[in-house]
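Student: Sharing a structure here in structure tokens format.
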Amino acid sequence: MNKSRQEILKEVAATHRANIKKSLEHRMEVARAQGNEELLRQLEAEANYFS
């Protein structure tokens, strides 16, 4: 089936957002494990920006 350019762009954008979310979750997990509260706050703010 032939998808329109707009459908493809929507899928790419959704995949990109999912990848950003996954990366942020991992980075927050590492910051928590290291006890880095300042970095954790920054990453939480970044996550809220993408929500």
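The values are calculated or read from the model by the stated rules, or taken from the named source; none is laboratory data. Small disclaimer: the values here were computed from a predicted structure and weren't measured. Neighbour counts are summed over all protein chains in view; Cβ atoms, including those assigned to glycine, are modelled from backbone coordinates with ideal geometry. Heavy atoms of the whole protein, side chains included, go into the accessibility calculation; ligands, DNA and RNA do not. Shrake-Rupley method; radii C 1.70, N 1.55, O 1.52, S 1.80 Å.
Student: Hey, if you put +1 on the Cβ of every Lys and Arg and -1 on every Asp and Glu Cβ in the chain, which of Leu24, Gly35, Ile8 ends up farthest toward the positive end of that dipole?
Tutor: After comparing all options, I get Ile8.
Student: Here are labelled values, (1) 25, 37, 20, 13, 5; (2) 22, 23, 18, 15, 12, 7, 3; (3) 21, 38, 26, 12, 3, and one is the computed P(r) over Cα pairs in 10 Å bins from 0, in percent for what I pasted. Which one?
Tutor: Entry (1).
Student: OK, next. Pop out the carbon and sulfur fraction of the accessible area of the chain as a percent, whole number, probe 1.4 Å. Walk me through the intermediate numbers first.
Tutor: Details: 2350 of 4560 Å².
In the chain, the share of accessible area belonging to carbon and sulfur is 51 percent.
Student: Let me ask you something else. If you roll a 1.4 Å probe over the heavy atoms of the protein chains, what accessible area per residue do you get for the chain, in Å²? If you can, show how the numbers build up before the last one.
Tutor: On the way: 4560 Å² over 51 residues.
About 89 Å² of surface per residue is accessible.
Student: Compute the helix-to-body angle for 37-50: its Cα long axis versus the longest principal axis of the chain, expressed 0 to 90° and rounded to tens.
Tutor: So the inclination is approximately 20 degrees.
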